[in-house]
Amino acid sequence: MDYLQLKKEVIEHSKKIGIDKIGFTTADPFTQLKERLITQQQLGYQSGFEEPDIEKRINPELLLPKAQSIISIALAYPSKMKNAPRSTKDERRGIFARASWGKDYHDVVRDRLKKLEAFIIEKVPEVKVKSMVDTGELSDRAVAERAGIGWSGKNCAIITPEFGSYVYLGDLISNIPFPPDTPIEDQCGSCTKCLDVCPTGALVQGGQLDSTKCIAFLTQTKGFLPEQYRTKIGNRLYGCDTCQTVCPINKGKDFHFHEEMEPDPEIAKPKLKPLLTINNRDFKEKFGYVSGSWRGKKPIQRNAILALAHYKDETAIPDLIALMHTDPRPVIRGTAAWAIGKIGHKESIAELEKALNKEKDEEVMEEIHKGLQFLND
């Protein structure tokens with residue numbers, strides 16, 4: 001079989017099915033990545049969302065026996081929102097990161113991979129393939145880097161010359177020996193803008209991230225947010241784009257190739273106060289199709305409370321007081337108490353004291369004390 005000709009046909013077909021960039025690499029183990037992953041593990045820099053078996057993350061043959069190649073695909077997503085609503089003094093708004101605009105990217109990328117799989121199977125019926133998006137075992141960024149999709153930036157994102165880092169990635173392992181592409185040379189140079197502006201110092205150095213400090217990770221946790229990060233969240237409800245928006249390569253990059261990636265402004269930049277009392281059914285109906293909803297409504301509601309504290313929104317105090325008194329979840333009650341104190345409305349002292357008298361949860365009591373301290377200082 002002429003594998004070079006087959007590769008050309010796959011590339012041509014990829015353009016027809018909505019893949020913006022495609023690259024090919026071998027299925028050799030990612031030996032350098034293994035060393036980095038072990039270091040990350042030893043330093044406690046992992047988020048806990050990763051595949052725990054490092055060997056599966058670096059050895060494609062463990063995922064597909066006799067694997068010979070990996071195809072990496074990239075889909076460009078928008079960086080600018082059309083008709084973005086403004087946050088007003090009476091109606092403050094939060095923001096979902098760009099990677100959570102539009103339909104859940106896992107579904108979008110999987111759709112493209114399935115179409116690519118179908119084409120390859122049509123050409124080579126006996127082929128063995130395995131596809132994955134983001135939550136798969138392999139590091140999609142390591143695959144994309146080696147396949148020539150882009151270079152691994154200092155912000156730990158794959159940066160493509162064409163689309164910047166505003167791309168979703170997917171992988172397709174096969175037992176076809178496609179000729180590999182050449183990796184792209186690193187173009188970050190001496191620039192350190194992403195390192196300089198990271199709100200929590202999560203970017204330890206170029207190419208090294210302490211995930212436990214990263215706002216994108218923190219917004220997805222379900223417990224009390226460590227206090228040192230609460231004022232760093234700003235109005236972010238899910239994810240963080242800071243290290244992307246400051247990147248000079250990303251300047252002017254904004255692509256609207258895929259209809260399903262277009263954001264609904266009222267979802268991507270929602271009003272904060274209605275989020276505080278939204279029920280499960282309405283949350284799933286309204287936000288369930290975006291990737292930022294995958295952890296459920298609790299983290300989003302907690303982050304909305306922190307965003308209202310960030311704005312010092314006194315109009316939200318009645319809602320926060322109601323949550324502090326009646327919400328069954330300790331994280332929400334406690335975060336609301338902290339936010340009430342942070343907003344700084346002195347008349348809230350009596351409500352905090354009333355909540356303290358009836359509260360049984362020690363962590364919540366601690367948060368109420370913090371709220372009272374803000375108001376008494």
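Quick notes on this one:
- A search for C-beta distances below 7 Å between a residue of the range 79-102 that is at positive phi and any residue that is assigned to a loop (DSSP other than H, G, I, E, B), counting only pairs 6+ apart in sequence or on different chains, returns G102/E262; G102/P263.
- Applying the criterion of at least 2 residues that are more than 18 Å from the chain's Cα centre (by Cα) to the helices (runs of 4 or more DSSP H) found wholly in the range 155-241 leaves 193-197, 227-230.
- Residue within the range 239-248 that is closer than 30 Å to M1 by Cβ, in contact (Cβ under 8 Å) with a residue 24 or more places away in the chain, hydroxyl-bearing (S, T, Y) and in contact with a helix residue (DSSP H, G or I) (Cβ under 9 Å, 6 or more places away or on another chain) present: no
- The residue that is farthest from I121 (Cα to Cα), among those in the range 169-194 that are surrounded by fewer than 17 Cβ atoms within 10 Å (Cβ to Cβ) and of a type in the set (G, A, S), is S190.
- Residue pairs whose Cβ atoms lie under 9 Å apart, sitting 6 or more positions apart in sequence or on different chains, and linking a residue in the range 44-68 that is without any contact (Cβ under 8 Å) to a residue 24 or more places away in the chain and closer than 23 Å to V129 by Cα to a partner that is of a type in the set (S, T, Y) and part of a loop (DSSP other than H, G, I, E, B), are E50/S139.
Table: residues versus (1) surrounded by fewer than 18 Cβ atoms within 10 Å (Cβ to Cβ); (2) in contact with a Cys (Cβ under 8 Å, 6 or more places away or on another chain); (3) over 18 Å from I95 (Cα atoms).
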{"position": "K298", "(1), (2), (3)": "yes, no, no"}
{"position": "L306", "(1), (2), (3)": "no, no, no"}
{"position": "K312", "(1), (2), (3)": "yes, no, no"}
{"position": "T315", "(1), (2), (3)": "yes, no, yes"}
{"position": "T326", "(1), (2), (3)": "yes, no, yes"}
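- Matching option when the condition is at pLDDT below 90, polar (S, T, N, Q) and either out of contact with any Ser or Thr (no Cβ under 9 Å at 6 or more places or on another chain) or loosely packed, with under 14 Cβ neighbours inside 10 Å (or both), among Q5, Q42, Q46: Q42
The values are calculated or read from the model by the stated rules, or taken from the named source; none is laboratory data. Just so it is clear, the structure is predicted and the values come from calculations on it, not from any experiment. Note that we place each Cβ from the backbone using ideal geometry, even for glycine, and neighbour counts take in every protein chain shown.
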